[in-house]
Every structure is written in structure tokens, then in C-alpha cells.
Amino acid sequence: MPLVRIDLSKKYSEGFARQAGDIVYNVMREQINVPEDDKFQIITRHDVSEFNLPKSYLGIEYSEGIIFIQAIISFGRSTDLKKKLYRAICESLVTNLQVRAQDVFINLLEVNKENWSFGNGEMQYADKA
């Protein structure tokens with residue numbers, strides 16, 4: 001855990017997309033103690049026409065440069081820890097890749113530890129649930 005999906009426009013290069021993935025992984029290691037080598041990501045670049053979103057929501061104006069980050073993680077992190085994670089991911093993308101802060105959309109999905117199998121048809125976290 002986690003499983004991270006990053007969806008962004010094809011206006012961004014493959015290299016940029018990979019850098020974004022590295023940033024998300026590194027911030028998650030720092031902020032929520034993701035283990036070393038626990039880097040499972042699906043990064044997809046889309047035509048802008050594949051995004052169907054409002055021009056703005058909650059006073060936040062979006063552009064074609066929006067980046068969607070969704071991470072499936074195990075339960076157990078506090079609201080404060082998640083707030084710090086969101087802030088750190090956004091700040092790191094802004095600083096390192098010059099992404100607009102308004103275009104960093106993050107969603108966390110929390111699941112029980114027994115909902116993970118990392119291969120071999122086994123439930124590796126079964127004893128840790």
C-alpha cells in the first residue's frame with residue numbers, strides 16, 4: 001500500500017508524468033511513512049477532451065493542466081496527517097514542476113489492511129490487520 005493513480009493531460013510529457021509520480025511517492029514516504037519500494041502507481045496521460053470538470057468549484061479555478069491524484073491507502077491516518085500530506089504534495093509539485101496549486105486535485109480512499117494482496121494470491125497484511 002498505497003496504490004496511486006495519477007491522471008493528467010497529454011500536454012505534460014511522459015517524463016513530467018514520471019516526475020510527478022516520484023514526487024507523490026517521496027512525499028508519501030516522508031508524510032505518512034510509506035515503506036521503501038512500496039511504489040505502486042498507474043500514471044495515465046489523457047487528451048484534454050477526456051476530462052469533464054467544472055471551470056471552478058469551491059472558489060478554485062481549474063485549467064487544462066489539472067492533475068488528479070488518487071491514492072488507496074490503509075486506514076489509520078489522522079485528519080491532521082492527511083492535511084499535511086495534501087499540502088506537501090501540492091507544494092512539492094508547485095515547487096519542482098511549476099504546476100498551479102489550483103490544479104492539484106487529491107483524493108484518498110481508505111481500506112482495511114486485509115484488502116491488499118501484493119502477489120501470489122496471498123493476503124500479506126493479514127496478520128497486521
Report task. Would you mind calculating the relative contact order of region 3-128 from Cα pairs under 8 angstrom and at least 6 residues apart, reporting the percent as a whole number? Result -> 30
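Mind scanning 11/84; 11/82; 10/55; 82/113; 39/84; 84/113 and naming the pairs with a C-alpha gap bigger than 25 Å? Write out the running numbers ahead of the final one.
Details: 11/84 28 Å; 11/82 29 Å; 10/55 19 Å; 82/113 18 Å; 39/84 20 Å; 84/113 22 Å.
Pairs exceeding the cut-off: 11/84; 11/82.
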Report task. Using a 10 angstrom cutoff on alpha carbons, build the Gaussian network for the chain and name the most mobile of 107, 52, 26. Result -> 52
Requested in this report: Round to the nearest 0.05 the FRET efficiency obtained for residue 123 and residue 84 when R0 = 30 Å and r is the Cβ-Cβ distance.
Outcome: 0.50
Query raised in the report: So what's the angle, to the nearest 10 degrees on a 0 to 90 scale, between helix 14-32 and the longest Cα principal axis of the chain?
Result: 50
Query raised in the report: Around residue 46, which amide H atoms from residues at least 5 apart in sequence, or from another chain, sit under 5 Å from its own amide H, with H modelled in the peptide plane?
Result: 8, 9, 10
Report summary line: Between the alpha carbon centres of region 78-117 and region 1-53 the gap in Å comes to 10
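Just so you know, all these numbers are worked out from the coordinates, no wet-lab data involved. The shown structure was predicted, so the numbers you read here are calculated from the model rather than taken from an experiment. Here the Cβ is made from the backbone with ideal geometry for all residues, glycine too, and neighbour counts use every protein chain on show.
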